[in-house]
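Inspection log for the structure reproduced underneath, given as structure tokens.
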Amino acid sequence: QVQLVESGGGLVQAGGSLRLSCAASFSIFSINVMGWYRQAPGNQRELVAAFTSGGNTAYADSVKGRFTISRDNAKNTVYLQMNSLKPEDTAVYYCRIVTENNYWGQGTQVTVSS
């Protein structure tokens, strides 16, 4: 069964850091398109950071310089390092991996207190 399992969310004070992990039940070695999205209450789901089809990375303007997406192909895992967190970063964070299908994780809650 194909699965994406996210972990690493939690409650942190403003200025703190968290690292999210997304473990896939399949090999991500040859996959280019994967990323992290978030959805705050009352808002649409938005792209936070991604590896693109061109092999580059892309970030939302609101997280540039603070968040970093990375991958470990040996562990089939995608990471999101989040530094200098702000209350407005509070949301449920979702991992997405695109192959011939579109896979989403179940989401992990990130809450940043002021």
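Annotations
- 14 Å beta-carbon shell around LEU80, net charge (K/R +1, D/E -1): +2
- Element breakdown for the chain at a 1.4 angstrom probe: carbon and sulfur atoms account for 46% of the accessible area.
- Sorted on the mean count of surrounding Cβ atoms within 10 Å across their residues, most packed first, peptides 7-14, 38-45 read 7-14, 38-45.
- Centroid-to-centroid, using Cα positions, segment 17-63 and segment 68-105 are 4 Å apart.
- Local net charge near SER17, Cβ-Cβ under 13 Å (Lys/Arg +1, Asp/Glu -1): +2
- Rounded FRET efficiency, nearest 0.05, which uses the C-beta distance separating THR52 from GLU100 and R0 of 25 Å: 0.90
The values are calculated or read from the model by the stated rules, or taken from the named source; none is laboratory data. Quantities reported herein were computed from a predicted structural model and do not represent experimental measurements. Neighbour counts are summed over all protein chains in view; Cβ atoms, including those assigned to glycine, are modelled from backbone coordinates with ideal geometry. To get the accessible areas, we keep the full protein, side chains included, count just its heavy atoms, and leave off ligands, DNA and RNA. Shrake-Rupley method; radii C 1.70, N 1.55, O 1.52, S 1.80 Å.
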